[in-house]
Protein chains: 2
Amino acid sequence: MFENNISFDLTCPLPIANYDSVQMAHGGGGRLTHQLIEQMFFKQFKNDILEQAHDGAFLTMTSKNIAFTTDSFVINPIFFPGGNIGELAVNGTINDLVCCGAKPLYISIAFIIEEGFPMEELWQVVQSIKHAVDSAGVKIVTGDTKVVEKGKGDKIYINTTGIGEVYPDISISPQNAKPGDVIIINGNIADHGIAIMSNREGLAFETVIKSDTAALNHMMDGVFEKCKKIHVLRDPTRGGLASTLNEIALSSRVGITLFEDQLPVKEEVRGACEILGFDPLYVANEGKILIILPEEEALSVLESLRLHKFGKDSAIIGRITNTDPGLVKLKTIIGTTRMVDMISGEQLPRIC
Amino acid sequence: MFENNISFDLTCPLPIANYDSVQMAHGGGGRLTHQLIEQMFFKQFKNDILEQAHDGAFLTMTSKNIAFTTDSFVINPIFFPGGNIGELAVNGTINDLVCCGAKPLYISIAFIIEEGFPMEELWQVVQSIKHAVDSAGVKIVTGDTKVVEKGKGDKIYINTTGIGEVYPDISISPQNAKPGDVIIINGNIADHGIAIMSNREGLAFETVIKSDTAALNHMMDGVFEKCKKIHVLRDPTRGGLASTLNEIALSSRVGITLFEDQLPVKEEVRGACEILGFDPLYVANEGKILIILPEEEALSVLESLRLHKFGKDSAIIGRITNTDPGLVKLKTIIGTTRMVDMISGEQLPRIC
């Protein structure tokens, strides 16, 4: 296992005491399923809404404008430098809600567990989930547990689906990028993908490269308060910065120019990319957000971002143009310009 | 494949034309992922909200009281008499919302597909999903696609998460069953589980036993309109009628008496249960709902249920008592009484 910043509860829940690994019957809907849910999941995730123990959760919203998003997480390995599949699943869905200009509030969690998965590892994942939802200030309000036979899954897959309330007076869409807008990112790119790949390949660097998995809602609270004129928000996960910007260029029918000399990439990540043969532009991030907004708003937003630990390396990395709609170009350090295409085939499977 | 009631679109979407099975790159977040989403998923599921093509969906609710529920479906086999995993996943989540006393409105859909899964089968599942959401009058508004290596999944797993608006003036909870209440079910039990098990075991009966998978929201619309005094609603899926009633008996701290002579079970299902060694009380249903309500409301609710095709065999099957709280008893046909315990171990794995 990897070093963890959270302190784990060492009291041993009943499912671990009775079974050292997950059995098919833990997903059968009977006594063992109930034991697992009560003693492990409810024990950690408990809140007034979850305790209704219903077929679903009753939520009382304060706004009628809500955002709704889903993601399944199939990352391999499930424990990696900087995190594990549990917190990744929570943070990923929180960030998708943030990218809708919403305040994340409620999350559902659904496990597909492979028979034989060690209870201790499940317990560790569950505690990381709890830590992630507590840090982000969201509640797990409903869930589901399924177990599949050994060889029909891979340890654990997690779906999280989230609900948030959309901030008033904000209108965000991938179609909204306008020529003249600038593109801000809140820090270094490619950390997550390279953390996973160097771990898979057994590469050891002087400093361990950690995933950037993080929930960005608290950082963005400040931004939403300061600036109502954000045009586009996206988190460059699978496919990396390049794929996300290509999507935006197509949706908004605009050109995009990236400035290579402004792109924040950690030295060790750049080195690992060279060794592994990856372009950092195509490598997944899990704690980054792209903010596209009018230039005159950029400085105040940068200032707000840099106050937060997840935004201290924020930078303006590009600009929306009215030339070559649908295309993304990179202005290189040596002054040339090259096309940045959408990733075509498989680059990094099961990166999230 | 099994006989289907819906007519399939025979035009061949691009992913099938180019690839006869799902590749790892279809889940990589790049060009192939986009092709699959655009040409297959969006093409079928399209609606104004989904077309926002955002990290999530923007929803404008008309009520601030919403229900929220999630389920992952890992059923094996994915095609079975009476349906397939696609419509099952839609109907299951719709029914969970109905059991919260809510009107189902929006659904998210997340696929975990095993590498090598035939495109034609995916296309058939997708069309069944479309048919199911259209029949039920709900919208798929956001989704996710992941692909895992061959041997790390089993064809396809589907998570659906749903949002509904809670009917006003209705208060439903598993804690609400009251002594004197009666228990109504909307038809025959054990069809789904026996359809799956006889299919797995290769059993052939004179008539094919079909899953009862169905979305019950339209049937229940009439009930909610007629009766505001329903105390408990639950769908007896995994673990069957027995497990669900045990949960209710525990939550509401009441006794439950079931009348064996009132339990609707199809003759061929009863026969198959005997051959396979199952008790129909413990076999999963996917189109049934338990309605617990004051006796004086029962006849009018029965009348309303019986008007609908999914409720024509509705019956009163039991009663809530104030003796032996937490226990479920069966009054048998021969006049004896036996305990109906919660299912303990694995009975029917991957039944939904």
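Can you compute the radius of gyration and Dmax for the stretch A:59-172, using only the Cα atoms, both in Å?
15.0, 50
Using only alpha carbon positions, build the gyration tensor of the stretch B:181-339, then give the equivalent ellipsoid semi-axes as the square roots of 5 times its eigenvalues, largest first, whole angstrom. Intermediate results must be reported in sequence, preceding the final value.
Working: eigenvalues 125, 79, 33 Å².
So the three semi-axes of the stretch B:181-339 are 25, 20, 13 Å.
What is the antiparallel percent of DSSP beta bridges lying wholly in chain B, to the nearest 5? If you can, show how the numbers build up before the last one.
Details: 40 of 53 bridges.
Taking every DSSP beta bridge within chain B, about 75 percent pair in antiparallel fashion.
In Å² (nearest 100), what accessible area is buried between B and A, both sides summed, heavy protein atoms only, 1.4 Å probe? Please list the in-between numbers first.
Working: alone 15890 and 15890 Å², together 25570 Å².
Between B and A, the summed buried area is about 6200 Å².
Measuring label to label, 7 Å along Cα→Cβ, what does B:G222 give against each other copy in nm, shortest first?
Those separations, rounded to one decimal, come out as 5.9 nm.
Counting pairs of Cα atoms in chain A, how many percent are more than 35 Å apart? Working shown, then result.
On the way: 15540 of 61776 pairs.
In whole percent, the share of Cα-Cα pairs in chain A beyond 35 Å is 25.
What is the antiparallel percent of DSSP beta bridges lying wholly in the protein assembly as shown, to the nearest 5?
Working: 88 of 114 bridges.
Taking every DSSP beta bridge with both residues in the protein assembly as shown, the antiparallel ones total about 75 percent.
Compute the longest continuous run of chain A that contains no exposed chymotrypsin sites (Phe, Trp or Tyr not before Pro); treat a site as exposed when its DSSP state is not H, G, I, E or B and it has at most 16 other Cβ atoms within 10 Å.
Values: sites that count: A:F2, A:F8, A:Y19, A:F205.
Here the longest segment lacking exposed loop sites spans A:20-204.
Rounded to the nearest whole Å², what accessible area per residue is found for the stretch A:181-339 with the 1.4 Å probe?
Working: 6450 Å² over 159 residues.
With the other protein chains kept in place, the stretch A:181-339 gives 41 Å² per residue.
Kindly give Rg over Rh for the protein assembly as shown, based on alpha-carbon atoms, with the Kirkwood expression for the hydrodynamic radius.
0.99
With a cut-off of at most 16 other beta carbons within 10 Å, and DSSP calling the residue loop, which trypsin sites (Lys or Arg not before Pro) in the stretch B:149-201 qualify? Please list them. Working shown, then result.
Values: sites: B:K150, B:K152, B:K155, B:R200; in loops: B:K150, B:K152, B:K155.
Passing both the DSSP loop test and the Cβ count: B:K150.
How far, in degrees from 0 to 90, does helix A:217-226 lean away from the longest principal axis of the Cα atoms of chain A, to the nearest 10?
Helix A:217-226 and the main axis of chain A meet at about 40 degrees.
May I ask you to give the solvent-accessible area per residue for the stretch B:1-116, in square angstrom, as obtained with a 1.4 angstrom probe?
Working: 3880 Å² over 116 residues.
Ligands and nucleic acids excluded, the figure is 33 Å² per residue.
Taking a cut-off of 23 Å, what percent of all Cα-Cα pairs in the stretch B:153-261 are separated by more than that?
Above the 23 Å cut-off, the stretch B:153-261 has 45 percent of its Cα pairs.
Tell me the Rg and the Dmax, in Å, that the Cα atoms of the stretch B:274-352 produce.
15.3, 40
Would you mind giving the mean number of other chain beta-carbons within 10 Å of the Cβ of each residue in B:102-109, as a whole number?
The per-residue average across the peptide is 2.
Could you give the longest part of chain A that holds none of the GluC sites (Glu not before Pro) found in DSSP loops with at most 10 neighbouring Cβ atoms within 10 Å?
Values: sites that count: A:E3, A:E206.
Between the exposed loop sites, the longest stretch runs A:4-205.
At A:T332, with labels set 7 Å past Cα in the Cβ direction, how many nm apart are the copies from this one, shortest first?
8.4
Between B:E225 and B:K312, what is the FRET efficiency for a Förster distance of 22 Å, r being their Cβ-Cβ separation, to the nearest 0.05?
0.75
Rounded to the nearest percent, how much of the accessible area of the protein assembly as shown (1.4 Å probe, protein heavy atoms only) is carbon and sulfur? Each step should come with its number before you reach the end.
Working: 12580 of 25570 Å².
Answer for the protein assembly as shown: carbon and sulfur cover 49 percent of the accessible area.
On average, how much area does the Cα convex hull of the stretch A:288-330 cover when viewed from any direction, in nm²?
3.6
Students often get this wrong, so check it: of A:K150/B:K266; A:K331/B:K46; A:K64/B:K226; B:K130/B:K312; A:K46/A:K226, which have C-alpha atoms separated by over 30 Å?
A:K150/B:K266; A:K331/B:K46; A:K46/A:K226
The values are calculated or read from the model by the stated rules, or taken from the named source; none is laboratory data. These numbers come from a predicted model, not from an experiment. Glycine gets a Cβ as well: all are built from the backbone with ideal geometry, and neighbour counts include every protein chain shown. Side chains included, ligands, DNA and RNA excluded: accessible areas come from the protein's heavy atoms. Shrake-Rupley method; radii C 1.70, N 1.55, O 1.52, S 1.80 Å.
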